[in-house]
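Participant: Can you read through this structure? Questions will come right after.
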Amino acid sequence: MALSNPVTPCGGTSAFAVTPSDTTAFPPSVIYVGTTGNVAIKPADGGAAVTFVGVPAGATLPALAIQVLSTGTTASNIVRVS
């Protein structure tokens, strides 16, 4: 039976609160979203910024990020795990 929403587990040894910033970067991290909204990130591969729209509370993004941008981010209570 195939899963309708497969998840690849990814963990870390540290967790940090994130204040969205258009200038501050961090090591590649999994992003947890505590409060529903949009989350704009710079992906760890150095590609162009992307905005995940309507991310529900309690979700983790399906991409590693090096930055959570303030421009375009409306979600809050964001935590990075690396």
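Participant: Along Cα→Cβ, 7 Å out, is where each label goes; now give me the distance between the ones at PHE26 and ALA59 in nm to one decimal.
Facilitator: Placing both labels 7 Å beyond Cα along the Cβ direction yields 1.9 nm.
Participant: So, one more: Taking a virtual spin label 7 Å from the Cα of SER14 along the C-beta vector, which residues in region 61-82 bring their backbone nitrogen under 17 Å of it?
Facilitator: Only 65-68, 79-82 pass the distance filter.
Participant: In addition: Pairs of alpha-carbon atoms within less than 8 angstrom and 6+ residues apart define the contacts here; what relative contact order does the chain have, in percent?
Facilitator: Relative contact order of the chain: 44 percent.
Participant: Can you give me the % of accessible surface on the chain that is carbon or sulfur? Probe 1.4 Å, all protein chains present, nothing else counted.
Facilitator: Heavy-atom surface of the chain belonging to carbon and sulfur, 1.4 Å probe: 60 percent.
Participant: Where Lys and Arg each count +1 and Asp and Glu each count -1, what net charge lies around VAL39 among other residues with Cβ under 14 Å from its Cβ?
Facilitator: Result for the neighbourhood of VAL39: +1.
Participant: Taking only the alpha carbons of the chain, what extent do you get along each of the three principal axes, in Å, biggest first?
Facilitator: Cα spread of the chain along its principal axes, largest to smallest: 44, 26, 23 Å.
Participant: For the peptides 63-69, 38-44, what is the packing order when you average, over each peptide's residues, the other Cβ atoms within 10 Å and list the highest mean first?
Facilitator: My ranking of the peptides, most packed first, is 63-69, 38-44.
The values are calculated or read from the model by the stated rules, or taken from the named source; none is laboratory data. Since this is a predicted model, take the numbers as computed values, not measurements. Backbone-built Cβ (ideal geometry, glycine too); neighbour counts: all protein chains shown. The area values use the complete protein model at the heavy-atom level, side chains included, leaving out ligands, DNA and RNA. Shrake-Rupley method; radii C 1.70, N 1.55, O 1.52, S 1.80 Å.
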